[in-house]
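Below is one structure, written out as structure tokens, with a few remarks after it.
The values are calculated or read from the model by the stated rules, or taken from the named source; none is laboratory data. All values derive from a computational prediction rather than experimental measurement. Cβ coordinates were reconstructed from backbone atoms using ideal geometry, including for glycine residues, and neighbour counts include every protein chain displayed.
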Amino acid sequence: MRIDKFLNAVNIVKRRSIADEMCKEGVVFINGKKAKPAKDVKVGDTIEIHYLSGIKKYEVLQIPETKTIPKSKKHEYVKEI
């Protein structure tokens, strides 16, 4: 699954367009490398998002099968490090 779709599907960002823009601005990293919006995410990858207030790190536990998941199930797909 693409990183921009993944960030939206697991409720890390509200809209895919925001995730797309974050990737283009260079604030999203997968396994320490800058991620373009079309970069594929795999189970076990580490995602870093560099916000102005700090860095958030997530570990990918599972790839969602559907377009979106309920917020209550977020912990099944990503774990904040």
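Okay, residues lined up against (1) of a type in the set (A, V, I, L, M); (2) at pLDDT below 90; (3) over 10 Å from the mean Cα position of the chain (by Cα):
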| residue | (1), (2), (3) |
| --- | --- |
| ASN8 | no, no, no |
| VAL13 | yes, no, no |
| GLY32 | no, no, yes |
| VAL41 | yes, no, no |
| ILE47 | yes, no, no |
| HIS50 | no, no, yes |
| GLU65 | no, yes, yes |
| THR68 | no, yes, yes |
| SER72 | no, yes, yes |
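Take the conditions (1) in contact with a His (Cβ under 9 Å, 6 or more places away or on another chain); (2) touching a residue at least 60 places away in the same chain (Cβ under 8 Å); VAL28 misses just one of them, which is (2).
Looking at region 51-81, which of its residues are of a type in the set (A, V, I, L, M) and surrounded by fewer than 13 Cβ atoms within 10 Å (Cβ to Cβ)? Correct list: LEU52, ILE55, ILE81. Search region 52-61 for residues being under 12 Å from the mean Cα position of the chain (by Cα) and without any contact (Cβ under 8 Å) to a residue 24 or more places away in the chain, and hand back the single one that is farthest from ILE12 (Cα to Cα). Ranking the candidates gives LEU61 first. Checking each residue in region 11-36 for being part of a helix (DSSP H, G or I), surrounded by fewer than 16 Cβ atoms within 10 Å (Cβ to Cβ) and small (Gly, Ala, Ser) picks out only SER17. Please work out which one of (1) surrounded by fewer than 12 Cβ atoms within 10 Å (Cβ to Cβ); (2) part of a strand (DSSP E or B) is the condition GLU48 fails and give its number. Going through (1) surrounded by fewer than 12 Cβ atoms within 10 Å (Cβ to Cβ); (2) part of a strand (DSSP E or B) one by one, GLU48 breaks only (1).
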